[in-house]
1. I need the calculated FRET efficiency for the pair residue 232 and residue 197, taking r as the beta carbon distance and R₀ as 60 Å, to the nearest 0.05.
2. Using only the alpha-carbon atoms, how far is helix 334-346 inclined from the longest principal axis of the chain? Give it as 0 to 90 degrees, nearest 10.
3. How large is Rg/Rh for the chain, to two decimals, with Cα atoms and a Kirkwood Rh?
4. If you fit an axis through the alpha-carbon atoms of helix 481-500 and take the longest principal axis of the Cα set of the chain, what angle between them do you get, 0 to 90°, nearest 10?
5. Within a 10 angstrom radius of the beta carbon, how do 632, 596 rank from fewest other beta carbons to most?
6. Using Cα centres only, tell me the gap between the stretch 197-238 and the stretch 581-633 in whole Å.
7. Give me the distance in nm between label points sitting 7 Å out from Cα along the Cα-to-Cβ direction at residue 112 and residue 46, one decimal.
8. What number results when the radius of gyration of the stretch 558-659, computed over Cα atoms, is divided by 2.2 N^0.38 Å?
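Bear in mind that the values in this text are calculations on the coordinates, not laboratory data. Keep in mind it's a predicted model, so treat the numbers as computed, not measured. Glycine also receives a Cβ, built like all others from the backbone with ideal geometry; neighbour counts cover every protein chain displayed.
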Ligand code: SF4
Ligand code: SF4
């Protein structure tokens, strides 16, 4: 739970009853009263010392999200050491689970191992990753001894070594604990009839290799110096971070469900090098100095070759969507690793044109805000616009976005004057700081205006910072991390004044909100950025914790929602889903990524993949949507992609809620 709080902020973890382990029991019934009765009955018969009945859909969703993240969170031991797969899904009869867990804990103590068990206890299935000491000479021996004892234990409970995933190479040798010699010999005979030449899966199940025969120990040493990010969850070590990948290959599943984002580039190209795993492997080889793509890159005077072309090729089509940061069971965060590689590669060198154009976009937008209409007219001249795109390293099929005639900050300032003149503002309302990022301020001020309306309707007095505050997102995604740190430090200083007074901060652009919640800690350290990160909310998160807040009715409205990929990965979208469904909307939530992903989709060379990613979920869904359905897209990128590639227009949650409020 502490890890969940550290990674996603305190709002990601609802208050829990006392204890060191928790069992979630989901209860259904015909109506609310029946569910409440059943919940009360369960808490009475349960032998747990404390219990809590959760009725809020948002809190329930947040708790399930923690369970879903179990695999990634368990990628580190309680002490922060790398935790490995190997004994990962044993199951025992559910009625014997308590006794089994007590003995399992003892077994871990005896073998000096640690991990976070989690699982689906209704099936008696317990997942765990353990900190086998593979960095020491006796690592493989510890692995063997533990697996052997654990197999003996689970078999004594009448359980299975693998309740879910299969026995594979790590557990086949242990099958005699579960099956009699006669049964195993029969398995072998059946296999022999069907596969006389033993070409199907040799070395598995019926003729097992030793369980430690294929243990791959990372050859790379630590890489801690000169890094831009802090790698807080990897002991400050880039090497540990990229070696999180255990190679299971969930990132290669070509699925398109509505729960995950990882890995859109792999789904688009079906090339291993474009999967999260392929990229992690390329980075591992870069660090350990072995071969990448046929060329020995080796260590460059003891340093990894950050500029190895094979590494850049593997990272080129990474959208930096952060899908892997939440969907990869081990928590690989390729967007950050890509930013680090770009940062290290281009330090003190000329960068690609798009790093100056798109990477500095907030700076150009600030300049354009002096005379936005003139700038818009100039860039819409056919020759000039095309030339501008070429010089900026942008694909010719994209367009330069229009700057708003009036920024959000200017609008808010003029509004404040008229409010002051009317001199009748209500007192005693709780305050909220509305943070209009560079995109909202310069390109979508209508989103900021709608948010003001919604927050005031919810009973807040809305404040904004004295001057526009930028999070440095575009500098981060283009790997200009020294500049990003400078920008972010000054922004965090500004926002801290509000956080220190207990004033919540609401971000509107999901990727920028994600920077304050997560990247800021990686770039500036928790001591500097932690307070602002904890105070920062999405709109739905703040409304969910606003006492007595009631959203306007959305009965009869179908919402086709594209959660922004960073929203999914960093903050989690469940409060938004709960708000929409609670207000009566019929919700069609999409997974995946819109394909634009900030600078990625507009950069020259990425257009085809960007469109292919949009075709994975977003474009088919909006084509199929009824004419009166609302297309919800909080991300400026997602709305831009819709505008470029479809006939539909996306709106922000703030706009949807504001539209449904009674006219003033
Ligand atoms: S990147 Fe993550 S999901 Fe993909 S193979 Fe590695 S551990 Fe598995
Ligand atoms: S950031 Fe996105 S595109 Fe890049 S590896 Fe992760 S899931 Fe794939």
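1. Numbers: r = 51 Å, r/R0 = 0.85.
Calculated value: 0.70.
2. Once rounded, one gets 70 degrees.
3. Details: Rg = 26.6 Å, Rh = 27.0 Å.
Ratio of gyration radius to Kirkwood radius: 0.99.
4. Taking Cα atoms only, the helix is inclined about 80 degrees.
5. Numbers: 632 25, 596 28.
The fewest-first ordering by Cβ neighbours comes to 632, 596.
6. 36 Å
7. 3.7 nm
8. Details: Rg = 13.1 Å, N = 102, 2.2 N^0.38 = 12.8 Å.
Normalised Cα radius of gyration, the stretch 558-659: 1.03.
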